[in-house]
Amino acid sequence: GTKIEYLSSFNHMFRMDAPCDNRNSYGWHQDITYNFSNIHGENAVVIWLPLHDVSKRNGALKIKSSSHHNGVCEVKNNIVGTHSKQLIIDESICNGYDTVNVEAKFGDVIFMNNALIHASGENLSDDFRYTIISRAHNMMSEDFLPGKIDITHNKFAIRNLQKRYMN
């Protein structure tokens, strides 16, 4: 129901996942902890586009079914060596949801709630897996945070917005 002129899109990513290289694979996380423009998951959407067929063998997206209904989860910062910085959700939270491997064909587009718990699938094939990821935010919602702010600012903003809108 959001008018197209109310949408903002940023933080675009072109991912190239090498075969059998998990250094940049993300564990269980929510995009809302990386992209804080909207505190409510329903006011932002993650857009995931495979640039070829994606199967479990070459790294299908893994999701925790219905996990977005419980809002923002506590995270722990996880950086190991040359790996990507990650804000990981504790396994005890993730174990409460069914895991679904989302396979997709070239040309498919997957839209996810910003609070959906998901993870990178492992690429066990001999080829790179190519995907494009973007986010769209409702700029007219009360929980929209305009401008680019750093993660420290975002944690503070999320706590305050949660108090204001979730009580």
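Couple of notes before you dig in:
- Ligands, DNA and RNA left out, the accessible area of region 1-87 computed with a 1.4 Å probe is 52% carbon and sulfur.
- Cα gyration tensor category, rounded, prolate or oblate, for region 1-70 with a/c compared to 1.5: prolate
- Cross-link table Lys62/Lys85; Lys76/Lys105; Lys56/Lys85; Lys64/Lys85; Lys3/Lys56, entries beyond 27 Å C-alpha to C-alpha: Lys76/Lys105; Lys3/Lys56
- Within-12-Å neighbourhood charge of Ser134 [Cβ basis; K, R +1; D, E -1]: +1
- Note on region 1-146: semi-axes of the ellipsoid equivalent to its C-alpha gyration tensor, largest first and rounded to whole Å, are 24, 18, 14.
- Shown here for region 93-144: GluC sites (Glu not before Pro) in loop regions (DSSP other than H, G, I, E, B) with at most 15 other Cβ atoms within 10 Å, namely Glu142.
- Label zone at Ser134, where the point sits 7 Å out along the Cα-to-Cβ direction: region 10-38 residues whose backbone N lies under 11 Å: 10-13
- For region 47-138, trypsin sites (Lys or Arg not before Pro) are listed when DSSP marks them as loop and at most 12 other Cβ atoms sit within 10 Å of their Cβ; the list is Lys85, Lys105.
- Across region 13-47, the residues whose backbone nitrogen lies under 11 Å from the label position 7 Å along the beta-carbon direction of Val109 are 47.
- Candidate aspartates and glutamates for bridging to Lys163, where Cα separation is under 14 Å - those fewer than 8 sequence places away on the same chain excluded: Glu142, Asp143
- Using the Cβ-Cβ distance between Asn78 and Asn101 with R0 set to 22 Å, the FRET efficiency works out to roughly 0.45.
The values are calculated or read from the model by the stated rules, or taken from the named source; none is laboratory data. Only a predicted model underlies this, so the values are computations on that prediction, with no experimental measurement involved. Glycine gets a Cβ as well: all are built from the backbone with ideal geometry, and neighbour counts include every protein chain shown. Keep in mind that these areas ignore ligands, DNA and RNA; they rest on the heavy atoms of the full protein, side chains included. Shrake-Rupley method; radii C 1.70, N 1.55, O 1.52, S 1.80 Å.
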